[in-house]
Amino acid sequence: MPRYTVHVRGEWLAVPCLDHMNTVGWLGKEAVRRYMKNKPDNGGFASVEEVKFYIRRCKGLGLLDPDDTVEDALEDNEFVEVVIEGDIMSPDFIPSQPEGVHLYSKYREPEQYISLDGNSLTTEDLVSLGKGLYKIKLTPEAEAKVKQSREVIERIVKEQTVVYGITTGFGKFARTVIPNSKLRELQVNLVRSHSAGVGKPLTPERSRMLLALRINVLAKGYSGISLETLQQVIEAFNASCLPYIPEKGTVGASGDLAPLSHLALGLIGEGKMWSPKSGWADAKYVLEAHGLKPITLKPKEGLALINGTQMITSLGCEAVERAGAIARQADIIAALTLEVLKGTTRAFDTDIHAVRPHRGQVEVAFRFRSLLDSDHHPSEIAESHRFCDRVQDAYTMRCCPQQWKVLVSMLAGFVGHFFYIDAKTMKWGKMVFAERAETISGGNFHGEYPAKALDYLAIGVHELAAISERRIERLCNPSLSELPAFLVTEGGLNSGFMIAHCTAAALVSENKALCHPSSVDSLSTSAATEDHVSMGGWAARKALRVIEHVEQVLAIELLAACQGIEFLRPLRTTTPLEKVYDLVRSVVRPWMKDRFMAPDIEAAHRLLVEQKASAGFQHVWEVAKPYIEKYRREHIPESRPISPTAFSLGSLEMNMGVGHDHRHQDEL
């Protein structure tokens, strides 16, 4: 018998359909009738007949024709929403879809798997899992370790040994012994009471990353979770059943207790949950719609699910990947701006950087040469000012390698290396060592390290936007660029990039406040048991906000630089930069007169946000990378680009190039 889950004014109702010829309109009326039946005042209605409504799918929000039969219009167990005319959405209403629903209405369940053993997951893998590109399965070795650690817990329970979090209360209640008959209730109470977060829910990508990272550390076999329960968690991930996880509430000390508790709450069938099939609904209905059962927690399993810094680390992994992506593309955008402003590449000469051989500095200078070397890529724009009287450029052009080397080096070193390792590490307080047949309490759940790393990352990546904003000013200012004011003809009638530059300045200013380190703060919690905390959750969230602002500022510079090219035509720049220009022009046309600019900025932003490219769609780095790597092979055959996994602390493996550019022959 088909059954449908219907949302009416915040209530979820299971409505069976005995007759397949019933219409969608009938389904709506039946749902309203059941809603009224459950309300003391009939929901404020005298009868079902007076209620006017329309019905839409929860997935994609598509409107349904009330005259269609449910058999023709809906799948069995599909989620729909009855919207009553005249209702005003409550400010605390959970929408049926998260932001960016248009992306998820096209969701396709992945066919490929990533095998997790707790030791092999990379930051790139984690981001791919967040995007829904893979399902998860455990390796046989991981399954064996999980079973062994669970045997230790079962023995503790059987022997009624007093062990924190298994047979005792938590925090201040650590000395309160819990009878065996209430050990399961203890774990459920832990999850419920700790589900105290606030704020908007994490996006589906970030929820997937958090859930995937939690599975990965559970696979290491130190938590005491049972294999049966862990498999249920994996099944929920593979079905993309994602609990409602508020983004605020963790102090990053005894792990990310609030967000991880919300994660566990959904898995036990309580609270809200989202899937591409259902949208937001009660967790028990979402699980049931996917043929899954809520988890029944065994002793120690609530603690195993919520103790750790996986929210900080998963968001940190995203931050590292996005920061690396925008850092690479910042070099390309800056090179394009330097061309438009008729700058020199002499500042990127290999000998200059050989005497200050910081690896990040050397790599950035190399990328500039690979894009601008006039011997390798002839540029008509560069040739047009070869013998000009300018001696040197402003710092925001000639000092990019020195200014950005910190970010590139930290991504390859301290920050990148930390998250590469931390995605695979244990972060529990109570750890189970099967080989010793005992549990030991420690402090691996503390988030001080990732909090410091993310604060450092935010400061480093912010400089990309701070410097970019200054170059946008140079592009828009005719006294500095020799281009029309604000990059538009008929200035006065048209304002051009005037306010786009203001937007960039506003974002840079906001970043300055966001770059204040959150990890310098601490507040004692849990009756002074947790007397020094990391505030790593805020460090992670604000680092991602800083990175998004950097992406947006560089998107504005990319548009401005391409607009500057228009005023230098028919002269052409180097081949790789012409390819970048063509890519931008494939989504944003030249600015001939004023028009609505926000969509252009968003389109340019999408060109910078690296993700798995769709058919026929490329990103800025993908266009320029072949030329950069070809130049690397021809000039430095033994070198390789920086990557977090290849970098070894203390080494100075330098990408030193050869050849000198000859722009501005009279430079001193």
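The values are calculated or read from the model by the stated rules, or taken from the named source; none is laboratory data. The structure presented is a predicted model; accordingly, all values stated were derived computationally and were not measured. As a convention, Cβ positions derive from the backbone with ideal geometry for all residues, glycine included, and neighbour counts pool all protein chains shown. Ligands, DNA and RNA are excluded from the accessible area calculation, which covers all protein heavy atoms including side chains. Shrake-Rupley method; radii C 1.70, N 1.55, O 1.52, S 1.80 Å.
What number of residues in region 6-23 are more than 38 Å from the chain's Cα centre (by Cα) and among the hydrophobic types (A, V, I, L, M, F, W, C)?
3
Given the residues GLU530, GLU557, which is the only one that is out of contact with any strand residue (DSSP E or B) (no Cβ under 7 Å at 6 or more places or on another chain), among the charged types (D, E, K, R) and in the same structural domain as ALA325 (by the TED database)?
The unique qualifying residue is GLU557.
Is there a residue being small (Gly, Ala, Ser), in contact (Cβ under 8 Å) with a residue 60 or more places away in the chain and open to solvent by 20 Å² or more (accessible area, probe 1.4 Å) anywhere in region 393-400?
yes
Which residues, taken from region 517-533, are part of a loop (DSSP other than H, G, I, E, B) and under 21 Å from the mean Cα position of the chain (by Cα)?
Result: PRO517, single match.
Restricting to region 146-163, what's the tally of residues that are under 17 Å from ILE440 (Cα atoms), of a type in the set (Lys, Arg) and open to solvent by 90 Å² or more (accessible area, probe 1.4 Å)?
Qualifying residue count for the region: 1.
How many residues are within 24 Å of the chain's Cα centre (by Cα) and either of a type outside the set (A, V, I, L, M, F, W, C) or on the phi > 0 side of the Ramachandran plot (or both) when one looks only at region 549-588?
Qualifying residue count, region 549-588: 4.
So if I check each of ALA253, ALA236, which one is modelled with pLDDT under 95 and either farther than 27 Å from MET535 by Cα or touching a His at 6+ places or on another chain (Cβ under 8 Å) (or both)?
Going through ALA253, ALA236 in turn, just one is modelled with pLDDT under 95 and either farther than 27 Å from MET535 by Cα or touching a His at 6+ places or on another chain (Cβ under 8 Å) (or both): ALA253.
Which one of the conditions (1) modelled with pLDDT of 90 or more; (2) open to solvent by 10 Å² or more (accessible area, probe 1.4 Å); (3) within 28 Å of the chain's Cα centre (by Cα) does PRO259 fail to meet, given that it meets all the rest?
(2)
Can you tell which of LEU487, LEU475, LEU457 is in contact (Cβ under 8 Å) with a residue 24 or more places away in the chain, closer than 30 Å to GLY308 by Cβ and surrounded by 22 or more Cβ atoms within 10 Å (Cβ to Cβ)?
LEU457
Among (1) in contact with a helix residue (DSSP H, G or I) (Cβ under 6 Å, 6 or more places away or on another chain); (2) free of Cβ contacts under 8 Å to residues at least 60 places away in the same chain; (3) not in a helix (DSSP H, G or I), there is one condition LYS29 misses while meeting the rest; what is its number?
With (1) in contact with a helix residue (DSSP H, G or I) (Cβ under 6 Å, 6 or more places away or on another chain); (2) free of Cβ contacts under 8 Å to residues at least 60 places away in the same chain; (3) not in a helix (DSSP H, G or I) applied to LYS29, the lone miss is (3).
Given the structure, is SER115 touching a strand residue (DSSP E or B) at 6+ places or on another chain (Cβ under 9 Å), in a helix (DSSP H, G or I) and either surrounded by fewer than 20 Cβ atoms within 10 Å (Cβ to Cβ) or among the polar types (S, T, N, Q) (or both)?
For SER115, the condition - touching a strand residue (DSSP E or B) at 6+ places or on another chain (Cβ under 9 Å), in a helix (DSSP H, G or I) and either surrounded by fewer than 20 Cβ atoms within 10 Å (Cβ to Cβ) or among the polar types (S, T, N, Q) (or both) - is not met.
Checking the conditions here, which among VAL233, VAL286 is open to solvent by less than 10 Å² (accessible area, probe 1.4 Å), over 17 Å from LYS135 (Cα atoms) and of a type in the set (Val, Ile, Thr)?
So the residue among VAL233, VAL286 that is open to solvent by less than 10 Å² (accessible area, probe 1.4 Å), over 17 Å from LYS135 (Cα atoms) and of a type in the set (Val, Ile, Thr) is VAL286.
Which condition does MET1 not pass, out of (1) at pLDDT 85 or above; (2) touching a strand residue (DSSP E or B) at 6+ places or on another chain (Cβ under 9 Å); (3) among the hydrophobic types (A, V, I, L, M, F, W, C); (4) open to solvent by 20 Å² or more (accessible area, probe 1.4 Å), if it passes all the others?
Evaluating MET1 over (1) at pLDDT 85 or above; (2) touching a strand residue (DSSP E or B) at 6+ places or on another chain (Cβ under 9 Å); (3) among the hydrophobic types (A, V, I, L, M, F, W, C); (4) open to solvent by 20 Å² or more (accessible area, probe 1.4 Å) leaves (1) as the failure.
With respect to GLU78, is the statement that it is open to solvent by less than 40 Å² (accessible area, probe 1.4 Å) and either of a type outside the set (Gly, Ala, Ser) or at pLDDT 85 or above (or both) true?
Criteria met by GLU78.
Do the conditions hold for VAL48, that is, is it modelled with pLDDT of 85 or more and in contact with a Leu (Cβ under 7 Å, 6 or more places away or on another chain)?
no
With region 315-405 as the region, which helices (runs of 4 or more DSSP H) entirely inside it contain at least 1 residues that are more than 21 Å from ALA624 (Cβ to Cβ)?
It comes to 350-354, 380-384, 395-398.
Would you call VAL432 touching a strand residue (DSSP E or B) at 6+ places or on another chain (Cβ under 7 Å), touching a residue at least 24 places away in the same chain (Cβ under 8 Å), open to solvent by less than 10 Å² (accessible area, probe 1.4 Å) and within 30 Å of LEU303 (Cβ to Cβ)?
Considered against the rule, which asks whether it is touching a strand residue (DSSP E or B) at 6+ places or on another chain (Cβ under 7 Å), touching a residue at least 24 places away in the same chain (Cβ under 8 Å), open to solvent by less than 10 Å² (accessible area, probe 1.4 Å) and within 30 Å of LEU303 (Cβ to Cβ), VAL432 comes out as yes.
Let's see how each residue does on (1) assigned to a helix (DSSP H, G or I); (2) touching a residue at least 40 places away in the same chain (Cβ under 8 Å); (3) within 18 Å of GLU228 (Cβ to Cβ); (4) not assigned by the TED database to the domain that holds ASN77:
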residue	(1), (2), (3), (4)
THR250	no, yes, no, yes
MET273	no, no, no, yes
TYR285	yes, yes, no, yes
GLU288	yes, yes, no, yes
LEU292	no, yes, yes, yes
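Output the residues belonging to region 410-467 that are farther than 29 Å from VAL146 by Cβ and not in a helix (DSSP H, G or I).
The answer is GLY413, and nothing else.
Looking only at region 163-219, count how many residues are touching a helix residue (DSSP H, G or I) at 6+ places or on another chain (Cβ under 6 Å) and not in a helix (DSSP H, G or I).
Looking only at that region, the number is 8.
Taking region 14-44, which residues are among the hydrophobic types (A, V, I, L, M, F, W, C) and either surrounded by fewer than 16 Cβ atoms within 10 Å (Cβ to Cβ) or under 19 Å from ASN77 (Cβ atoms) (or both)?
ALA14, VAL15, CYS17, LEU18, MET21, VAL24, TRP26, LEU27, ALA31
Answer with yes or no whether GLU566 is in the same structural domain as GLY324 (by the TED database), closer than 18 Å to ALA319 by Cβ and not aliphatic (A, V, I, L, M).
The answer is no for GLU566.
Mind listing just one residue for me: the one in region 501-554 that is open to solvent by 40 Å² or more (accessible area, probe 1.4 Å) and in contact with a Lys or Arg (Cβ under 7 Å, 6 or more places away or on another chain) and, of those, farthest from ALA325 (Cα to Cα)?
Among them, the one singled out is ALA527.
Of these, GLU557, GLU578, GLU551, which one is out of contact with any Asp or Glu (no Cβ under 9 Å at 6 or more places or on another chain), outside any loop (DSSP other than H, G, I, E, B), among the acidic types (Asp, Glu) and in contact (Cβ under 8 Å) with a residue 60 or more places away in the chain?
On inspection, the qualifying residue turns out to be GLU551.
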